[in-house]
Each structure stands twice: as structure tokens, then as C-alpha cells.
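A short worksheet on the structure shown next.
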Amino acid sequence: MQCRFHIGLQLPIIRGVQRRRWDFRKADWASYTLATERYIPLIPANNISIEESYQRFCGAMQKAARHSIPRGFRPTYNPCLDEECQDLLKQYDESGDPDIADHLIESLDAARRHRWEELTSKMNFTHSSRKSWALIRRLGAAQQPPKSTHLSVSANAVAAHLIQVAKAPHDKKFERQVRMQGRTLMQQMSDKSLPHPFTKEEISAALQKMKPATAPGYDNIHVEFLKNLGPTAPWYPWSRCVC
């Protein structure tokens, strides 16, 4: 019984380690903005390194997001796992009773058999054969997966191709002009100081060009976090490390 249960039941329901995802559609952006306006001004603009300022800046946004944006896991789809089967699975997880496992397997088998009969009974080649042939092709592909006819490609070949197609044409005249402008700029800087911090207009333009619904970087800061900052947060002198 245990072997049957492990092979027939647990394998389709095993879930890997999932990461919690932010649900931006249900976010309370007004609350997020107020929270960042409250947390971020507490970060000192001086007497700490840029790295520490950046870490505190990210921490302030993460803290505001946890209080304003719901977060959870995407539901995992299991075919034919209806409400009755889910209830039985929950009971088995709590008790470990093998009789409940038997009942759960029987319910799953019955639900899958019913779904199979329903699909095959709707096959109609006289009225519209497209759906029927599509189902047959899916069944055939499941039984005999098609063999790949593509040649294997090595990582070195992919890298060489990318280098070749991504190489920009050289314009010696333009490169010489850029070098001359750089030398002239360095000569004009008497104190050799760093360039001025970004202006409000430059930061605002950069935020407007950022595309939402993209993957975050290593700091786990989403574009939505930056776009919904308040009027004060982005203009701090240390915020230049963000943009």
C-alpha cells in the first residue's frame, strides 16, 4: 500500500521550494508611499558609506512593501485534484492514515477516468476534426516524445556567435573625438573633483523610462518599488547609487 501511495499519489503532488511573490495588483501604493516617506528620511545622508546607505535604502523599501503589498505563492495546478481530493489529502497529511490514502487514490482515479471519457466522447471528426486531431497528437506525443532533430550546440559556439553579432563597428574618427573631449574635460577640472550628483530631472526621467513587470536584480528591488516612491525619497544625495 505504501509503495502504491508513494508512486501513484505523492509524486504528482510534490512541490518544489517556491519563492513568495509580490502581488502588485492588490498593492496599497498609497500606504507604501507614505511608509517610504517616513522611513527613508531617517537614513543619514552623510557620515556613512554609500554601500551602507544603499542597504538601508533597500531595507526601507522592503519594510514598506511588507506592510503594503500582499505576498504569496502561485497555486500549483494538479489535474483532477478537486475539492474532495484536496480535503482527503489534507486529512492524510494530518493523520497519515493509509485508509484515507486509499480513498484519495480511488477518488483521483475516478476523476481522471471521468475526464478521459469526457474528452474522448467529444471527439467528432465530421463536424470539426481540428480539436480531435490535436488531442490525438497530444496523446501520441505523450506516448512517444518526438526526437530532437537539432544539432547539439556548445556553450563556446553560442558565445562566439554572440560576440560576432554584438560587435559594434568601429568608428575611429568618433573614438578619437570622444578621447579628445575627455582630455579637455579633465584639464578643465581644476580640483579633479567628481561629477555633480544627478539632478531631479535626470532621476525623474530615469524612473519614467524604467519598465514595470520586470525581474528584480540581486538586491530584490522591483521597478514598482522605485516608481511608487514619494516626492522626497529619490532626491536624497545618497540616492544617486540607485539610479
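Bear in mind that the values in this text are calculations on the coordinates, not laboratory data. This is a predicted model, so every value here is computed, not measured. FYI the Cβ positions are ideal-geometry reconstructions off the backbone, even for glycines, and counts take in every protein chain you see.
In sequence order, segment 55-69 has phi-based couplings of 4, 5, 4, 5, x, 5, 5, 5, 5, 5, 5, 5, 8, 10, 10 Hz under the Karplus curve 6.51 cos²θ - 1.76 cosθ + 1.60, θ = phi - 60°, and Gly or Pro positions carry x.
Taking 0.36 nm per residue of separation and subtracting the current Cα-Cα distance, fully stretching the chain between Ile50 and Gln86 would add 7.9 nm.
Using 0.36 nm per residue of separation minus the Cα-Cα distance, give me the extension gain between Met186 and Ala134 in nm, one decimal.
On the way: separation 52, 0.36 × 52 = 18.72 nm, distance 6.76 nm.
Net length gain for the segment: 12.0 nm.
Over 20 Å apart at the Cα level, from the set Lys26/Lys227; Lys26/Lys200; Lys63/Lys200; Lys173/Lys209, are Lys26/Lys200; Lys63/Lys200; Lys173/Lys209.
The ranking of Glu51, Glu37, Glu202 by Cβ neighbour count inside 10 Å, starting from the fewest, reads Glu51, Glu202, Glu37. Each of Gln208 and Arg21 was given a label point 7 Å from its Cα along the Cα-to-Cβ line. The distance between the two points is 3.1 nm.
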